[in-house]
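The values are calculated or read from the model by the stated rules, or taken from the named source; none is laboratory data. Given the structure is predicted, the values throughout are model-derived calculations rather than measurements. Cβ placement follows ideal geometry from the backbone for every residue including glycine, while neighbour counts extend to all protein chains displayed.
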Amino acid sequence: MSWSATIAYFFVGAFFINAIPHVVQGLCGNRFQTPFATPRGVGESSAVVNVIWGLANLAAACVLLHVFFPNELPPRWSLCMAAGIGALAMGLFLASHFGKVRSGPPHP
């Protein structure tokens, strides 16, 4: 394996692993740190921002895979886009819903 492939896989892994906490915290309706918060990287962003940031990281990993390893991915990009749009829609709905639930008064 060439050194460029090793570096590409390194960044694919970094983007994939960075997507996990942001998507999970966002889907749970929790606030979590993002680069868009104040102070940068320390303050917390809303659940919706975390879902978007997490899915952006996931998309970046997929783009890197496509650019560096085009023969290893499924050729049906229309299906991948449909799945991505579905994940975004459901993720935004869940982040919005659970964000409201968690910020409201406690439930009995």
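In segment 1-27, of all residues being of a type in the set (Gly, Ala, Ser) and more than 28 Å from LEU88 (Cα to Cα), the one that is farthest from the chain's Cα centre (by Cα) corresponds to SER2. The residue pairs whose first member lies in segment 77-100 and is over 16 Å from SER46 (Cα atoms) and of a type outside the set (Lys, Arg), whose second member is assigned to a helix (DSSP H, G or I) and at pLDDT below 85, and whose beta carbons are closer than 9 Å, counting only pairs six or more residues apart or on different chains, are TRP77/HIS66.
Of THR6, THR34, THR38, all but one fail to be among the β-branched types (Val, Ile, Thr), without any contact (Cβ under 8 Å) to a residue 24 or more places away in the chain and in contact with a Ser or Thr (Cβ under 8 Å, 6 or more places away or on another chain); the exception is THR34.
When residues in segment 15-24 are screened for being surrounded by fewer than 17 Cβ atoms within 10 Å (Cβ to Cβ) and either without any contact (Cβ under 8 Å) to a residue 12 or more places away in the chain or in contact with a Gly (Cβ under 9 Å, 6 or more places away or on another chain) (or both), 4 of them pass. Determine whether segment 46-65 contains at least one residue that is assigned to a loop (DSSP other than H, G, I, E, B), more than 10 Å from the chain's Cα centre (by Cα) and free of Cβ contacts under 8 Å to residues at least 12 places away in the same chain. No; the residues of segment 46-65 include none that is assigned to a loop (DSSP other than H, G, I, E, B), more than 10 Å from the chain's Cα centre (by Cα) and free of Cβ contacts under 8 Å to residues at least 12 places away in the same chain.
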